[in-house]
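Here's the structure we're looking at; comments come further down.
The values are calculated or read from the model by the stated rules, or taken from the named source; none is laboratory data. Note that this is a predicted model, so its numbers are computed, not measured. All Cβ positions, even for glycine, are placed from backbone atoms using ideal geometry, and neighbour counts span all protein chains on display. Just so you know, the surface numbers come from the protein's heavy atoms only, side chains and all, with ligands and any DNA or RNA stripped out. Shrake-Rupley method; radii C 1.70, N 1.55, O 1.52, S 1.80 Å.
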Amino acid sequence: MAERTYDIAWLPGDGIGREVTEQALRVLEAVAQGAGFRLDVEEHPVGGAGLDAAGVPLPDATRAACMSAAAVLFGAVGGPAWDDVAAELRPESGLLQLRKALGAFANLRPVAVSAALADASPLRREVVAGTDLLIVRELTGGIYFGTPRGISGEVQRTAVNTMVYDEHEIVRIARVAFRWAQQRQGHVTSVDKANVLEVSRLWREVVTEVQREEFPDIALQHLYVDNAAMQLVRDPRSFDVVLTGNLFGDVLSDLAATLPGSLGLLPSASLGGRVGLFEPVHGSAPDIAGTGKANPMAAILSAAMLLDEFGETAAARAVRYGVSAAIQAGYGTADLRRDGHTLLSTEEMGERIAAYATLVIHHPPMPNGVPEVAVLDP
Ligand code: NAD
């Protein structure tokens, strides 16, 4: 009998959102028994599916279910069927409303490029292979939310946005970054524009204070955002945890997302409130929806982040190992074209990763965190 039960609000959304999160759930179920927990999964419509079901992109019942769940597993929203709806009803606004409702102020995006997949990157193998970084982006403050904002005037129009952070917002996101660094390589790069912006000067001061007072074990480096963009492309392996505000994080996380060469590899988590939101970085990919070509790895790795949040570290490790093992064994979906690889559909890839992960869940890790089973073939 499983000891722990987690209520998961499953919001597959639109397009490939359903296909990839179905595989994430398959892998979660596969590791649950071995790890001694149970999942109680309830599906709810969001995005275009929400519009079709209830006339709004985030139906009240979906919002309520998310607020009372242990975690939200989200697919993707949007698609041509809903392109003509009013701006406030667009499927994507359902996701923004949900993030706000959950109070998710910290957006985490890990970006890793394994040696086996380095040739899929637009950068040279010798620059990118072995990249393993985590972007921690502040998600609910900064210039995207500051007031005053707006466009005024008629003959000569003026537009204004306000970049604003208070100390409390900087402290809480800095703590998230430092805590992650403690579990990784112990290095935080804080990104700002302190040579020009007062907001960035405060950001830099507060981040430095948090490091000095609470995380003296972590190495802290500050970079201006323009330099950070350059270094991310020139030497991505020099980064461990990247801490940044909403605007710079938006740009840098998309820049970093190009490193692995496929959107289908990139997971994310939005945390900070009681309930975390876990979703692949990619959208609903209407061009491949329903063809079995979608790569489920981003959704499956998002599920691993969900397990991290629950403290189910053995299960999270097994899921990540399942993904790496599938890649190393030469399996790939259509987006990961490599010479000699075995092409799998979305579902076949999910099955394969679930099988690898299930084998590993029963094996203790070695001191370096790698499961004892080195080569597997389920
Ligand atoms: P997209 O991420 O859906 O697709 C971009 C390209 O990457 C496409 O060629 C697609 O086939 C490919 N791709 C994406 N995910 C993949 C995967 N898992 N496996 C293999 N290939 C994959 O972005 P888009 O085409 O700009 O947007 C499509 C729709 O998704 C739009 O309605 C957009 O608004 C929406 N969108 C939603 C989210 C979200 O829900 N978080 C994010 C981005 C875009």
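Let me check I've understood the local charge: for D132, count other residues with C-beta under 12 angstrom from its C-beta, Lys and Arg +1, Asp and Glu -1. What total comes out?
Values: positive: R184, R237, R320; negative: D240.
That sum, taken over residues with Cβ under 12 Å, equals +2.
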For this session: Note down the Stokes-Einstein diffusion coefficient of segment 199-355 in µm²/s, whole number, using a Kirkwood radius over alpha carbon pairs, 10 °C, and 1.306 mPa s.
Result: 89 µm²/s
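Given Cα pairs under 8 Å that are at least 6 residues apart, what percent is the relative contact order of the chain? Intermediate results must be reported in sequence, preceding the final value.
Working: 826 pairs, mean separation 81.2, N = 378.
Relative contact order here is 21 percent.
Measuring with a 1.4 Å probe in the full set of protein chains, what accessible area per residue, in whole Å², belongs to the chain? Intermediate values should be presented prior to the final figure.
Details: 16840 Å² over 378 residues.
For the chain, the per-residue accessible area is 45 Å².
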Seminar exercise, completed: For the pair R201 and V171, the simple spin-label estimate (label points 7 Å beyond Cα toward Cβ) gives in nm 2.2 nm
For this session: Would you work out what percent of the accessible area of the chain, with all protein chains in place, is carbon or sulfur (probe 1.4 Å)?
Result: 51 percent
Exercise. Going from the alpha-carbon gyration tensor of segment 257-325, what semi-axes, largest first and in whole Å, does one get by taking the root of 5 times each eigenvalue?
Worked result: 22, 15, 11
Exercise. How large is log10 I(q)/I(0) at q = 0.10, 0.11, 0.19 Å⁻¹ when the Debye formula is applied to the Cα atoms of segment 109-260, each weighted equally and without solvent?
Worked result: -0.39, -0.46, -1.10
Exercise. Counting each DSSP H run of 4 or more residues in the chain as -39500 (n - 2.57), what helix-only mean residue ellipticity at 222 nm follows after dividing by all residues, to the nearest 500 deg cm²/dmol?
Worked result: -13000 deg cm²/dmol
Problem set entry | Only Lys, Arg (+1) and Asp, Glu (-1) charged, at Cβ; segment 109-260 dipole about Cα centre in debye | 280 debye
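Sorted by accessible area (1.4 Å probe), largest first, how do I16, I151 line up?
Numbers: I16 10, I151 135 Å².
Per-residue accessible area, sorted high to low, gives I151, I16.
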Exercise. Which number comes out as Rg/Rh for segment 307-353 once both Rg and the Kirkwood Rh are worked out on C-alpha atoms?
Worked result: 1.08
For this session: Evaluate the distance, in nm, between pseudo-label points positioned 7 Å from the Cα of E43 and of N161 along their respective Cα→Cβ axes.
Result: 3.7 nm
Problem set entry | Local electrostatic count, A118, Cβ distance below 14 Å [Lys/Arg +1, Asp/Glu -1] | +1
For this session: Specify the inter-centroid distance of segment 114-145 and segment 32-95, based on alpha-carbon positions, in whole Å.
Result: 27 Å
Exercise. Rounded to the nearest 10 Å², what accessible area does K193 show when all protein chains are kept and the probe is 1.4 Å?
Worked result: 40 Å²
For this session: Compute the Rg to Rh ratio over the chain from the alpha carbon atoms, using the Kirkwood formula for Rh, and round to two decimal places.
Result: 0.97
Exercise. On full extension of the chain, what length is gained from H362 through D60, given 0.36 nm per residue of separation minus the C-alpha to C-alpha distance?
Worked result: 104.7 nm
